1. Taking into account only those residues within segment 13-40 that are at pLDDT below 95 and open to solvent by 50 Å² or more (accessible area, probe 1.4 Å), which is nearest to L117 (Cα to Cα)?
2. For residues in segment 208-256 being at pLDDT 95 or above and assigned to a loop (DSSP other than H, G, I, E, B), which is surrounded by the most Cβ atoms within 10 Å (Cβ to Cβ)?
3. Residues V31, V89: which one is under 16 Å from the mean Cα position of the chain (by Cα), more than 9 Å from the ligand (Cβ to nearest atom), farther than 25 Å from F229 by Cβ and not small (G, A, S)?
4. Restricting to segment 102-133, name every residue that is surrounded by fewer than 17 Cβ atoms within 10 Å (Cβ to Cβ) and part of a strand (DSSP E or B).
5. Sort through N83, N43 and tell me the only one that's away from the ligand (no atom under 11 Å from the Cβ) and modelled with pLDDT under 95.
6. What do you reckon, is S149 surrounded by fewer than 16 Cβ atoms within 10 Å (Cβ to Cβ) and polar (S, T, N, Q)?
7. Open to solvent by less than 10 Å² (accessible area, probe 1.4 Å) and in a strand (DSSP E or B): which single residue out of V75, V89 fits that description?
8. Inspect all residues belonging to segment 166-181 and state whether any of them is in a helix (DSSP H, G or I), surrounded by 14 or more Cβ atoms within 10 Å (Cβ to Cβ) and in contact with a helix residue (DSSP H, G or I) (Cβ under 6 Å, 6 or more places away or on another chain).
Amino acid sequence: MTEETKSIHEFDYNLICEYYSCIERQGPGSVDMTVKALGFIDNLTDSSVIADIGCGTGGQTITLADNTSGTIMGVDLFPNFINILNTNVSDLNLEDRVKGIVGSMDDLMFRDKELDLIWCEGAIYNIGFERGIKEWRKYLKQGGFIAVSEATWFTKERPEVIDKFWNTEYPEIDTISVKVEQMYKAGYIPIATFVLPENCWIDNYFEPQVQVQESFLEKYQDNKTVEEFMANQRYEAELYSKYKEYYGYVFYIGKKI
Ligand code: SAH
């Protein structure tokens, strides 16, 4: 890699980080849906150990902390996101049981059978749903739970535009029944699945980005990378508003057998 391409890559990384650091969530979701998913999990006590993988700046990590009494470790690849989470943790006086750690979901630092619950909202696509649920299973105690939100097709057929888009972005997107079958195969009892409502995308994910896009275009005038990145984000929002009956995020909750 030449120095020049390296610096472009670094800029992209910093740009993406800066962009997503400006919003509370880095993926579709909501406090209500995190709490709803938690409602299916019945093994938690004061001594439970919970991992929130791909936690981003920790929107859902704080919700988990507010609604459980165990220890929570948020893991994310981006140090900036972890810094934001740890600052919020300290502002909320949660340091004794919540901690953000920099790490990668394909090489986690947990011991075998250490965890009571694995949480992962809008992030497992980074290594793929099937691989993630398989590889992470060993960290769970017997009877432990996994709760993951994942991009999913709602229908068996769909317009070509949206089919093509997702098959380029994340070819592992599939129907609920396929994902549930993958859970059985990986050694989990599928406890529940539910679709995240539109407000998780529109109000909590796309809307907060509008203001950030405007300020980025102002701040980085005549910067092609920024312009392309902003256009990409806007296109994603436009596709969602046109084709939202065909796809969305689904929460999958499973129990280790
Ligand atoms: N759970 C958060 C963030 C979802 S966005 C929310 O719902 O708001 C996906 C997150 O996965 C990003 O924060 C990104 O930094 C993180 N990520 C990407 N690759 C990763 C990896 N290999 N290991 C850990 N985290 C990763």
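The values are calculated or read from the model by the stated rules, or taken from the named source; none is laboratory data. Keep in mind the model is a prediction, meaning the values are calculated, not measured. Here the Cβ is made from the backbone with ideal geometry for all residues, glycine too, and neighbour counts use every protein chain on show. For accessibility, only protein heavy atoms count, side chains too; no ligands or nucleic acids. Shrake-Rupley method; radii C 1.70, N 1.55, O 1.52, S 1.80 Å.
1. This residue is E24.
2. Y246
3. Selected residue: V31, the only one of V31, V89 that is under 16 Å from the mean Cα position of the chain (by Cα), more than 9 Å from the ligand (Cβ to nearest atom), farther than 25 Å from F229 by Cβ and not small (G, A, S).
4. V102 - this is the single residue of segment 102-133 that is surrounded by fewer than 17 Cβ atoms within 10 Å (Cβ to Cβ) and part of a strand (DSSP E or B).
5. When all the criteria are applied, what remains is N43.
6. Working: surrounded by fewer than 16 Cβ atoms within 10 Å (Cβ to Cβ): no; polar (S, T, N, Q): yes.
No: the conditions fail for S149.
7. V75
8. no
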